[in-house]
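Participant: Before anything else, here's the structure in question.
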Amino acid sequence: MAVDTLFTGGMIRTFDPAQPWAEALGITGDRISYVGPAAEAPAARRTVQLEGRLLTPGVADTHNHLLLGFDDLAVSLDQVQSLDVVRSRIAEFAETHPDLDWICAENALYSVVEGRRPNADDLVGVTDRPVFITTYDQHSVWLNRPALAKLGILNGGDIAWGNPEIDTATGEPTGWITDFYTSAMTIDGLAELQRDIPMYSPDRRYRKIVNSLDMAARSGITTVVEPQVPLAELDLFARAEREGRLTSRTIAAIYHPVGADGDFRARITEAIRETPQHERFRLGPVKLYADDVIEPHTAAMLEDYANRPGHRGHTSLEPTEFTRLFVELDRLGYQVHTHATGDWGIRLTLDSIEAAQRANGRVDARHGIVHVECLAPEDLPRFAELGVVAAMQPRHASPDLVAGTWMENVGEARWDRAWRFRSMIDSGARVTFSSDWQVGEMDPLVGLYSAMTRARLDGHDAWTPGERLDLDRALEAYTRGGAEAFHHEEALGVLRVGALADVVVWSGDLYAMEAAEILEQSAELTVVGGSAIHDARGEMDGAPAAANVQDPAGAGQRCDEPAEEHHCHSH
């Protein structure tokens with residue numbers, strides 16, 4: 001019996017231990033129906049000649065902020081190292097957009113002002129309209145004085161979406177807001193943002209989702225995990241499903257705000273029960289925060305920050321309260337993915353997972369710890385022992401992102417604790433890789449390069465090279481590892497008969513290339529359930545519209561060119 005589509009004439013990496021490599025792969029309907037020698041392949045209605053290219057399972061990007069994405073009415077500050085350039089870009093944008101009440105900008109670096117955090121005074125004279133700027137990691141916001149006045153912060157008012165920093169000498173707000181992302185996704189925080197900041201209107205948030213999904217299709221990503229969805233924005237994904245814009249399989253993790261009570265958890269249960277589970281969409285884990293982030297000294301560290309004696313950051317909740325919450329969520333049957341960057345935050349999460357196992361006796365929950373940026377050596381083996389998934393981002397370990405603020409805050413004595421990909425995999429832990437778009441580029445090829453080199457995109461300044469991975473182990477973390485993180489290893493992340501036909505054809509044989517060459521490659525064909533969602537060469541009778549959408553403002557560019565020459569989205 002003929003298969004619908006047969007791929008042959010190239011390299012096929014299956015990640016099936018029983019048959020790691022194959023010469024041909026057949027698809028019938030939405031499933032893989034043949035994997036084996038080309039000489040024994042069945043007849044096919046359509047044959048795609050790989051011409052020496054590599055075919056692999058589709059990429060599972062298990063931490064991809066579709067909702068943050070890219071805003072086409074905001075200033076991009078990606079890779080901008082100079083305050084003068086920040087000021088000039090905002091001034092130019094304000095001048096060319098006189099109709100906007102607010103000037104919004106994205107992805108500012110913490111280090112754009114040397115030796116301190118940016119403040120409102122740095123934006124004086126740029127525009128008389130309020131300015132709202134998010135940092136590259138979305139955990140802090142930078143406001144000018146008109147914005148402080150408009151929001152009532154200048155007069156001592158509070159906001160629900162963050163904590164205004166106060167100058168200890170003057171008692172006045174500085175224009176810097178911490179704890180933004182954890183507060184912004186609460187019910188009250190999101191309501192205030194939608195009321196006051198145009199960038200958070202439902203229509204603009206929806207545009208971010210569909211633009212991000214279009215980019216995912218072009219990048220070879222067949223499964224996307226949106227790691228932090230407020231209950232109030234679930235309807236945006238329902239809209240994307242109705243309008244046929246969910247090209248990749250999408251898993252939405254529901255955000256559990258710090259301090260939310262049992263009534264909120266009942267609402268989560270109700271949302272899961274009432275949300276139709278579709279082949280391209282389902283509600284997934286619950287998202288918690290154990291701590292914040294290292295750059296503004298708000299991640300929880302076991303020892304003092306290197307450049308702030310006496311300060312170790314803080315956990316999101318008092319530790320016993322956090323553990324109590326985690327045990328309850330585990331008892332209710334939820335898979336929990338917890339943001340933890342500092343070594344104390346990571347340890348608290350591991351302790352809580354261990355407590356949940358003792359209390360509830362639940363087996364193979366596959367709770368995840370997201371980021372794992374600074375890991376105490378004695379906690380490394382606990383991931384494998386407790387069955388915890390390490391959800392990590394290779395690009396975060398690149399000096400492009402962490403040189404300066406991150407490295408200085410942690411201190412050189414602890415650099416060997418940073419993003420321990422190789423040590424984690426060698427220990428037997430489950431590791432899944434992802435982009436953390438738009439904190440890092442969505443393109444998984446950038447992640448593969450970063451995992452292999454731990455260098456800048458120009459190849460310089462390799463950092464902590466002992467944690468480098470080879471291509472095969474890095475690619476497995478992007479495919480099979482992602483499927484295993486969500487209990488999908490039988491149907492996804494592997495190419496075997498009966499598995500779902502989610503595959504990607506790369507532009508060349510990545511295994512025959514040096515790491516730098518991989519950055520020049522692309523996904524030429526992305527297939528989900530046997531249907532092409534991106535088809536650059538028209539090999540499966542043409543590509544759908546999603547594949548033809550152009551990168552908004554260069555959002556797909558890689559940042560290996562001078563920062564001032566384009567507006568690439570690398571953070």
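Read-outs throughout are calculated quantities, based only on the coordinates presented, and are distinct from any laboratory measurement. Small disclaimer: the values here were computed from a predicted structure and weren't measured. We place every Cβ from the backbone using ideal geometry, glycine too, and count neighbours over all the protein chains shown.
Participant: In deg cm²/dmol and to the nearest 500, what is the mean residue ellipticity at 222 nm of the chain if only DSSP H runs of at least 4 residues count, each as -39500 (n - 2.57), divided by the residue total?
Facilitator: It comes out at -8000 deg cm²/dmol, rounded to the nearest 500.
Participant: Related question: Within the P(r) computed for region 195-254, what percentage of the Cα pairs occupies the region above 14 Å?
Facilitator: So the portion of pairs separated by more than 14 Å is 56 percent.
Participant: Pick out, from ALA44, HIS337, ALA355, the residue whose Cα sits farthest towards the positive end of the charge dipole of the chain, with +1 on the Cβ of Lys and Arg and -1 on the Cβ of Asp and Glu.
Facilitator: Highest projection toward the positive end goes to ALA44.
Participant: What residues qualify as long-range amide H neighbours of GLY9, i.e. H under 5 Å apart, gap of 5 or more or another chain, H built at 1.01 Å from N?
Facilitator: Amide H neighbours of GLY9: LEU50.
Participant: What is the sum of charges, Lys and Arg at +1 and Asp and Glu at -1, for the other residues whose Cβ falls under 13 Å from the Cβ of TRP419?
Facilitator: Neighbourhood net charge equals +2.
Participant: Which value results for Rg/Rh of region 287-435 when Rg is the Cα radius of gyration and Rh the Kirkwood radius based on the inverse mean 1/r?
Facilitator: Ratio of gyration radius to Kirkwood radius: 0.96.
Participant: Still on this structure: Would you please report the Å³ per residue occupied by the convex hull of the alpha carbon atoms in region 164-220?
Facilitator: Once divided by residue count, the hull of region 164-220 is 122 Å³.
Participant: OK, next. Using alpha carbons only, how many degrees (0 to 90, rounded to 10) separate the axis of helix 202-218 from the longest principal axis of the chain?
Facilitator: Once rounded, one gets 40 degrees.
Participant: Right, here's the next one. Can you pull the Kirkwood radius for region 202-485, inverse mean 1/r over Cα pairs, to one decimal in Å?
Facilitator: Kirkwood radius, region 202-485: 19.4 Å.
Participant: Let me ask something additional. For helix 319-331, report the angle its Cα long axis makes with the longest principal axis of the Cα atoms of the chain; keep it between 0 and 90° and round to the nearest 10°.
Facilitator: Compared with the principal axis, the helix lies near 30 degrees.
Participant: Within the set of other residues whose C-beta is less than 11 Å from the C-beta of HIS256, count the net charge using Lys and Arg as +1 and Asp and Glu as -1.
Facilitator: Local charge sum for HIS256: +1.
Participant: Once you have all Cα-Cα distances for the chain, histogram them in 20 Å bins from zero and send the whole-percent values.
Facilitator: Answer for the chain: a P(r) of 22, 57, 21, 1 percent.
Participant: Here's a follow-up. Could you grab the Rg to Rh ratio for region 244-372? Cα atoms only, Kirkwood for Rh.
Facilitator: Rg/Rh for region 244-372 comes to 1.03.
Participant: A further question on this structure: Give, rounded to the nearest 20 debye, the magnitude of the charge dipole that region 202-485 has about its Cα centre when Lys and Arg contribute +1 at Cβ and Asp and Glu contribute -1 at Cβ.
Facilitator: Magnitude of the dipole: close to 740 debye.
Participant: So, one more: Could you list TRP102, TRP437, TRP344 so that the one with the fewest beta carbons within 10 Å of its beta carbon is first and the one with the most is last?
Facilitator: Ordered by Cβ neighbours within 10 Å, fewest first: TRP102, TRP344, TRP437.
Participant: Here's a follow-up. How would you rank MET1, MET540, MET513, going from fewest to most other Cβ atoms within 10 Å of each one's own Cβ?
Facilitator: Fewest-to-most Cβ neighbours within 10 Å comes out as MET1, MET513, MET540.
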